[in-house]
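Okay, structure first, notes after.
The values are calculated or read from the model by the stated rules, or taken from the named source; none is laboratory data. None of these values were measured; they are calculated from a predicted model. Backbone-built Cβ (ideal geometry, glycine too); neighbour counts: all protein chains shown.
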Amino acid sequence: MEAVAAAAEAREQLRASFASGRTRPAAWRAAQLRGLLRMAAEMEAEICAALRADLAKPRTESYVHEISLVTSSCKFALKNLKKWMKPNKVPAGMLTFPSAARVSAEPLGVVLVISAWNYPFLLAVDPVIGAIAAGNAVVLKPSEVAPATSALLADLLPRYVDGSCVRVVEGGIPETTALLEQKWDKIFYTGNGKVGRIVMSFAAKHLTPVVLELGGKCPVVVDCNVDLHVAAKRIASGKWGCNSGQACISPDYIITTKCFAPKLLDALKRVLDKFYGKEPLRSPDLSRIVNSNHFNRLQALMDEETVADKVVFGGESDEQQLKIAPTLLLDVPLDSTIMKEEIFGPLLPIITVDKIHESFGVINSMSKPLAAYLFSNDSMLKQQFEMNVSAGGMIFNDTAIHLTNPHLPFGGVGESGMGAYHGTFSFDAFAHKKAIVDRSFLGEATARYPPYTPAKLKILKGVLKGNPVAMVQAIAGFPGGA
Amino acid sequence: MGSVAMEEMPMDLEFGKLVGELREVYESGRTRGLEWRLSQLRGLVRLLEEEEEGIFDALYHDLGKHRAESFRDEVHTPLVAFPATAMVVPEPLGVVLIFSCWNLPIGLALEPLSGALAAGNAAVVKPSELAPYTSAFLVANVPRYLDPEAVKVVDGGAEVGEKLMEYRWDKVLFTGSSRVGQLIMTKAAKHLTPVALELGSKCPCIVDWLDSNRDSQVAVNRIIGAKWSTCSGQACIAIDYLLVEEEFAPILIELLKSTLKRFFTKPEYMARILNEKHFQRLAGFLADRRVASSVVHGGHVNAKTLTIEPTLLLNPPLDSDIMTEEIFGPLLPIITVKKIEDSIKFLKSKPKPLAIYAFTRNEKLKRRIIEETSSGSVTFNDAIVQYGLDTIPFGGVGHSGFGQYHGKYSFEMFSHKKAVLKRSFLLEFMFRYPPWDDSKIGMLRHVYRFDYVSLFFALIGLRR
């Protein structure tokens, strides 16, 4: 009951703050964004420490993947805020002549952001940046699976941003459920499909729109005509360099041709050796698995009967440290669990096909992923990939980095989610685009009104079909009288 | 075959087959090409032009709509609403489901359909069973003008809608009541089906003092048009009630009465009430004694012809049903305030409507309305016309729904904006990769201070 009371109280306080108009002026929004910028700069060490406690995340990943992205997100929002807030004039058209029309962005009100544990700083603050830029009051519910970062956010945010309009509510399932039962003007959720469905069901009760950033199995198709060393590095970087594969856009599995697979395997092994050395479990550059639940889950994926003998590299694990070494598997059966569920870990299956085009069929037999990757120099293949593979986003000849581009929408489709954010899309995700039409009292077309006559209908038809003569007649008040 | 014969198979199997077939058609790539999309859109245009009489007929039978109204609101809007070009990228969502409503049964089916087809999807249209003639019209004609394997019309009642929602769709657009909207979204959540909900609301109209007689007359014309000439007030964007200053109210009421007399010389100039149920609902508003005593014009109802004459009410109690529920009919409450600015506070106390209207020349008031209230749209000095303007988005906010369409927004509603990033193998930054050491971190930090990302993309020529 305490959770329910806390949730209701947070909601009420923010509703009052929003109603007071405090979050509307550009100056307030910019001040909050600058506060977040300062927080990311001044508290870098503390943030890295929390991420290391939660995930053994290497300092470089913490900086490059979380702090710097929050920083550039703030800067981008600050730079574009005025532009985003300015109404957008649009042509008003002949039907309502004379009139003026524009589309103006207004805040939705009080929004709820629920973030995930794998990039616990970034995925909490980035959506909040969008919510603030759009002028909303926000409740942030960080993931309890990353407790150090959650506690840090609860401590830091009130010190750097306006606590009457931006609140952090910590907690697990009961607290999250209590929050979901309240009415919000938007809910932004990052996580998995199972909980995504629950979030949407709660949202449905209040007709609340949602953004769901979910997961999927991000495939990497590797063609034989590529610069193999670079490709291997980029795949490795997107997989093990991203939180040990615990990222929604990490390459989940590879598809390549039977004849190319050995070369690709070799290249990957060499790169892994270079990145993490001969004893990867002792490398400080490899994140650990977030908790024993997930550790056991991943261990089980590897140990499954039809899969265990397909491990061709790695496979070592350390339960104490909760670390699993980068592991490559070759040709696991497509109906094995590792190929049916999102892996979210450092295991990389390689599926082989006879011809590279067959990879499309494999990908399309699964639900739409958040990202799909293709390494190839064949422009025909690339074109076909773009046309025939649906995913939230797509990269040719690299992995993961599309999320750093603020001009690209970042979001899923189908099972991988709905809605998008980053850059302008973050602002749009938390704003309502209100249409405003300003008509004059002139141009009164009596043809509009009853009593209806064939003459009036003729003029109306003409106007609606864009006939200039009819328009003049209409505006001049034909056919006269009523 | 473009439609589903309900009595042949149990609903479950029938719809399973339907959805499966549509998915196959979509997967075959048939709906993706520009040519196909253009041919469907041209087919829609031909349908509207060639079958105009049939449409008028169906709408007349379902709603008693006068053909002028039908043309303006239903035949016409789809003609201007579809976007000029269909693009191959962004990509279609796949197989979509469109629920249309009974009051604009053609428009609310075909307009979103044009967006869905322009975006390259396969589609199912579920018209409202409450407009059976129109429903039958669509079932008969859509397969004749559009690709019957990719575009289907499924008719039937609420149980059909429910059954359809048991399946996963790539998008669902629902136009109708909040109650059903909630059910739709709840079912959609099970499959993570994205939805757009176009719901109802009480659309208020603020009427400020208008100095000139001409302005007042124009305002009254437009108010009447937006209430009684629009399906007899049975429209989500019809004016629900007025807000005026106490002293202006009598003048406005007189003008409304005289203009109503001039306009509605024949009963056929007004659509009838949809059916018995809605008639009872509306008559029920008037049955409340406090409400009945506030009637200042009209009030007569005819259960046989399902008609209610244009009715004006002055200050019915704010807690009565007529002031708490969406009216969706030819009853117009007029609420008075001391100063016109007080109407803003009044609006804010109610759920966000689909549209806010205001007749005023006061620029300050206009600004306050825009900044202090929230609604799908705001229109000054006219009403309803914003619906036909395809350069602005149409949709609600808060209780009036979410998701927007019309014009290019229709295309976007049924598209997935797939982000595509193309990289070359040239230009590798060594410091991207582990093992990490201080010098690499230093380089990265240095680069980041100069906005690494932009620098990065600029260097490889991908910056926009």
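Evaluated against (1) surrounded by fewer than 23 Cβ atoms within 10 Å (Cβ to Cβ); (2) touching a Gly at 6+ places or on another chain (Cβ under 8 Å); (3) touching a residue at least 40 places away in the same chain (Cβ under 8 Å), A:G423 falls short on exactly one condition, (2).
All conditions but one from (1) more than 14 Å from every other protein chain (Cβ to nearest Cβ); (2) at pLDDT 85 or above apply to B:L93; the one that does not is (1).
Of the numbered criteria (1) under 24 Å from B:S70 (Cβ atoms); (2) away from chain A (no Cβ under 14 Å); (3) not in a loop (DSSP other than H, G, I, E, B), the one B:E268 fails is (2). The selection criterion, being in a helix (DSSP H, G or I), farther than 30 Å from B:L41 by Cα and among the charged types (D, E, K, R), holds for B:D215.
Residues to consider are A:A49, A:A45, A:A30, A:A41; find the one that is of a type in the set (G, A, S), farther than 21 Å from A:S244 by Cβ and away from chain B (no Cβ under 14 Å). Walk me through it before giving the result.
Values: A:A49 fails: farther than 21 Å from A:S244 by Cβ; A:A45 fails: away from chain B (no Cβ under 14 Å); A:A41 fails: away from chain B (no Cβ under 14 Å).
From the options A:A49, A:A45, A:A30, A:A41, the qualifying one is A:A30.
Only a single item in (1) modelled with pLDDT of 95 or more; (2) more than 21 Å from the chain's Cα centre (by Cα); (3) buried (at least 16 other Cβ atoms within 10 Å of the Cβ) is not met by A:A6, and it is number (1).
Criterion first (in a helix (DSSP H, G or I), modelled with pLDDT of 80 or more, closer than 29 Å to B:S415 by Cβ and away from every other protein chain (no Cβ under 14 Å)) does B:E49 satisfy it?
Details: in a helix (DSSP H, G or I): yes; modelled with pLDDT of 80 or more: yes; closer than 29 Å to B:S415 by Cβ: yes; away from every other protein chain (no Cβ under 14 Å): no.
No; evaluated as a whole, the condition is false for this residue.
Could you say which residue among A:S150, A:S143, A:S164 is out of contact with any Phe, Trp or Tyr (no Cβ under 7 Å at 6 or more places or on another chain), part of a loop (DSSP other than H, G, I, E, B) and either of a type in the set (D, E) or in contact (Cβ under 8 Å) with a residue 24 or more places away in the chain (or both)? Unique residue meeting the criteria: A:S164.
Being under 14 Å from the mean Cα position of the chain (by Cα), at the interface with another protein chain (Cβ under 7 Å from one of its Cβ atoms), assigned to a loop (DSSP other than H, G, I, E, B) and in contact (Cβ under 8 Å) with a residue 40 or more places away in the chain is the filter here, so list the residues in the stretch A:393-416 that pass it. Selection gives A:V413 alone. Checking B:A122, B:A136, B:A131, B:A116 one by one, the residue that is farther than 22 Å from B:G176 by Cβ, of a type in the set (A, V, I, L, M) and either surrounded by 18 or more Cβ atoms within 10 Å (Cβ to Cβ) or in contact (Cβ under 8 Å) with a residue 12 or more places away in the chain (or both) is B:A122 and no other.
Got at least one residue in the stretch B:290-311 being in contact with a Gly (Cβ under 9 Å, 6 or more places away or on another chain), farther than 23 Å from A:Y452 by Cβ and in contact (Cβ under 8 Å) with a residue 12 or more places away in the chain? Full working, then the answer.
Pass one, the stretch B:290-311, residues in contact with a Gly (Cβ under 9 Å, 6 or more places away or on another chain): B:292, B:305-311.
Checking the rest, the ones that are also farther than 23 Å from A:Y452 by Cβ come to B:292.
Subset that is in contact (Cβ under 8 Å) with a residue 12 or more places away in the chain: none.
Scanning the stretch B:290-311, I find no residue that is in contact with a Gly (Cβ under 9 Å, 6 or more places away or on another chain), farther than 23 Å from A:Y452 by Cβ and in contact (Cβ under 8 Å) with a residue 12 or more places away in the chain, so the answer is no.
The test for being more than 18 Å from B:F411 (Cα to Cα) and at pLDDT 90 or above does not hold for B:S114. Here A:R197 fulfils each of the conditions (1) more than 30 Å from A:I356 (Cα to Cα); (2) surrounded by 22 or more Cβ atoms within 10 Å (Cβ to Cβ); (3) of a type in the set (K, R) apart from (2). Within the stretch B:348-377, the set of residues being aliphatic (A, V, I, L, M) and out of contact with any helix residue (DSSP H, G or I) (no Cβ under 6 Å at 6 or more places or on another chain) comprises B:A355, B:I356, B:L365, B:I369, B:I370. Out of B:E247, B:E159, report the one residue that is part of a helix (DSSP H, G or I) and either away from chain A (no Cβ under 14 Å) or at pLDDT 95 or above (or both). Step by step, each of B:E247, B:E159 is checked, and only B:E159 is part of a helix (DSSP H, G or I) and either away from chain A (no Cβ under 14 Å) or at pLDDT 95 or above (or both).
Please go through the stretch A:453-465 and give me each residue that is out of contact with any Gly (no Cβ under 9 Å at 6 or more places or on another chain), at the interface with another protein chain (Cβ under 10 Å from one of its Cβ atoms) and surrounded by 13 or more Cβ atoms within 10 Å (Cβ to Cβ), ordered by number. If you could, list the steps in order and put the result at the bottom.
Here is the first cut: in the stretch A:453-465, the ones out of contact with any Gly (no Cβ under 9 Å at 6 or more places or on another chain) are A:453-463, A:465.
Narrowing the set further to residues that are at the interface with another protein chain (Cβ under 10 Å from one of its Cβ atoms) leaves A:453-454, A:456-457, A:460-461, A:463, A:465.
Matches in the stretch A:453-465: A:T453, A:K456, A:L457, A:L460, A:K461, A:V463.
Looking only at the stretch B:324-372, how many residues end up being free of Cβ contacts under 8 Å to residues at least 24 places away in the same chain and surrounded by 14 or more Cβ atoms within 10 Å (Cβ to Cβ)? Of the residues in that region, 2 qualify.
Condition check: more than 18 Å from the chain's Cα centre (by Cα), among the hydrophobic types (A, V, I, L, M, F, W, C), over 12 Å from A:D126 (Cα atoms) and modelled with pLDDT under 95. Does A:A56 satisfy that?
Values: more than 18 Å from the chain's Cα centre (by Cα): yes; among the hydrophobic types (A, V, I, L, M, F, W, C): yes; over 12 Å from A:D126 (Cα atoms): yes; modelled with pLDDT under 95: yes.
So A:A56 fits the description; yes.
Within the stretch A:55-76, residues that are touching a residue at least 24 places away in the same chain (Cβ under 8 Å) have Cβ atoms under 6 Å from residues that are aromatic (F, W, Y) and in a helix (DSSP H, G or I) in no pair, counting only partners at least 6 apart in sequence or on another chain. Close contacts from the stretch B:154-177, counting a first residue that is within 21 Å of A:V413 (Cα to Cα) and a second that is modelled with pLDDT of 95 or more and polar (S, T, N, Q), with Cβ to Cβ under 8 Å and a gap of 6+ residues or different chains, come to B:R168/B:T193; B:W169/B:T193; B:D170/B:N121; B:D170/B:T193; B:K171/B:N121; B:K171/B:T193; B:V172/B:T193.
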